[in-house]
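The values are calculated or read from the model by the stated rules, or taken from the named source; none is laboratory data. Here the structure is a predicted model, which is why all the values come from computation and not from measurement. Heads up, the Cβs are rebuilt from the backbone with ideal geometry, glycines too, and the neighbour counts pull from every protein chain shown. All accessible areas refer to the heavy atoms of the entire protein, side chains included, with ligands and DNA or RNA removed. Shrake-Rupley method; radii C 1.70, N 1.55, O 1.52, S 1.80 Å.
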Amino acid sequence: MKKIFELLGLSGANPQKTKKLVVISILVTAALIVALLAAFVIVQIAEKTQDEPVDDGVDEPQNYISVSVSASDVYKGDLLVVNKNNHYAFTEDNLVEIPTAGNKYGLKTSGMKADKTALEALNKMMDALYKNVSGANVVVTTAYRSADAQTALNSSTPAGASDFHTGRLFELKDGEKYQGVDELEKYEWLYKNAHTYGFIVRYPADTEDKAYSEKTGVGDFAYAFRYVGVAHATYMYNNKLCLEEYIELLRSSYEYGTAELKFKNYEIYYVKSAGEVTNIQVPEKYKYEISGNNVDGYIVTVNRSARAS
């Protein structure tokens, strides 16, 4: 304390008064520090808030605008459910050839095609896989399949009923053992992380709790990965749903005007087709996507973390 008095030039002053002045100085200094920290926190919160979209209330009509889609759009998009009950309406609008060079993964044959968006997502997923999995050696053995190619297989699945027609389904095998990636533990990373790139296991293996094959019509094919988009893949992964279950859930429980499926920054709802033209309500301020379900309507995915341009 004597040294503090000397530093403050109070060595000759009354000790009681001097102590009181020192205490007051310390308290004032502490208060200033607290005030500066509080001001810093307020500035940080303000800056963060500016970057985050404001929830203006999805139920307020003035937040929505109407867009029109045609009847044929029911059969276009990332959320088409294609199976023996819902055949694919063939279109190659967004198909591209998968390059034979420049990818870490291999191709069974050259000339394979895929949906452009799904292929871009596959490439990102494979880049991450090879960074995280030692000894990864993935080969895409099947991607887009035409009606003629499906017929030539003499499969129990007729042309039109295969999800490979969408160009969004990829059969992945290990190039060394030529087994499905589901059979090798080293690909566990893929099954835990595929949803973050927009992929689901299209035909999950049956478990003690659920017979997925009764819903999908396909069993023992857990090495086929289907692109559906990050929002939907994440929800299906977290809730252990196959594509058929998810589409039915949206149709039965989340029709626009009744309820929206909300999680993270997403809002998802179903709109039943009204015929040749269907008017769909979409948010004016946020980005959204519309996909047909290949059954009877459309699925709207709103991303409230992204403003509309």
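Summary table below
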{"quantity": "Selection within the stretch 133-156 - of a type in the set (A, V, I, L, M) and either part of a loop (DSSP other than H, G, I, E, B) or touching a helix residue (DSSP H, G or I) at 6+ places or on another chain (Cβ under 9 Å) (or both)", "calculated": "Val133, Ala136, Val138, Val140, Ala143, Ala147, Ala149, Leu153"}
{"quantity": "Any strands (runs of 3 or more DSSP E) falling wholly within the stretch 166-271 and containing at least 3 residues that are within 27 Å of Ser156 (Cβ to Cβ)", "calculated": "169-174, 199-203, 221-227"}
{"quantity": "Enumeration of residues in the stretch 211-229 that are in contact with a helix residue (DSSP H, G or I) (Cβ under 7 Å, 6 or more places away or on another chain), open to solvent by 20 Å² or more (accessible area, probe 1.4 Å) and over 16 Å from Asn85 (Cβ atoms)", "calculated": "Gly219, Tyr223, Tyr227"}
{"quantity": "Odd one out for Ala274, checked against (1) in a strand (DSSP E or B); (2) free of Cβ contacts under 8 Å to residues at least 40 places away in the same chain; (3) among the hydrophobic types (A, V, I, L, M, F, W, C)", "calculated": "(1)"}
{"quantity": "Residue in the stretch 248-263 that is without any contact (Cβ under 8 Å) to a residue 40 or more places away in the chain, touching a His at 6+ places or on another chain (Cβ under 9 Å), open to solvent by less than 20 Å² (accessible area, probe 1.4 Å) and not polar (S, T, N, Q) present", "calculated": "no"}
{"quantity": "Count - residues of the stretch 162-184 that are open to solvent by 60 Å² or more (accessible area, probe 1.4 Å), in contact (Cβ under 8 Å) with a residue 12 or more places away in the chain and closer than 13 Å to Gly135 by Cα", "calculated": "1"}
{"quantity": "Odd one out for Gly297 among (1) open to solvent by 30 Å² or more (accessible area, probe 1.4 Å); (2) among the small types (Gly, Ala, Ser); (3) in contact with a strand residue (DSSP E or B) (Cβ under 7 Å, 6 or more places away or on another chain)", "calculated": "(1)"}
{"quantity": "Pair list, Cβ under 7 Å, 6 or more apart: the stretch 134-152 residue among the small types (Gly, Ala, Ser), other residue in a loop (DSSP other than H, G, I, E, B)", "calculated": "Ala143/Ile98; Ala143/Met112; Ala143/Gly167; Ala147/Phe90; Ala147/Ala159; Ala147/Gly160"}
{"quantity": "Enumeration of residues in the stretch 230-247 that are open to solvent by 70 Å² or more (accessible area, probe 1.4 Å) and in contact with a helix residue (DSSP H, G or I) (Cβ under 7 Å, 6 or more places away or on another chain)", "calculated": "Tyr237"}
{"quantity": "Those residues of the stretch 82-111 which are open to solvent by less than 60 Å² (accessible area, probe 1.4 Å) and in a loop (DSSP other than H, G, I, E, B), in sequence order", "calculated": "Val82, Tyr88, Ala89, Thr91, Ile98, Asn103, Tyr105, Gly111"}
{"quantity": "Asn279, sole failed condition from (1) at pLDDT 95 or above; (2) under 30 Å from Val139 (Cβ atoms); (3) touching a strand residue (DSSP E or B) at 6+ places or on another chain (Cβ under 8 Å)", "calculated": "(2)"}
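Quick grid of which residues meet (1) closer than 24 Å to Asn238 by Cα; (2) surrounded by 14 or more Cβ atoms within 10 Å (Cβ to Cβ); (3) in contact with a strand residue (DSSP E or B) (Cβ under 6 Å, 6 or more places away or on another chain):
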site: Lys113; (1), (2), (3): no, yes, yes
site: Lys124; (1), (2), (3): yes, no, no
site: Ala147; (1), (2), (3): no, yes, no
site: Ala152; (1), (2), (3): no, no, no
site: Lys186; (1), (2), (3): yes, no, no
site: Asp206; (1), (2), (3): yes, yes, no
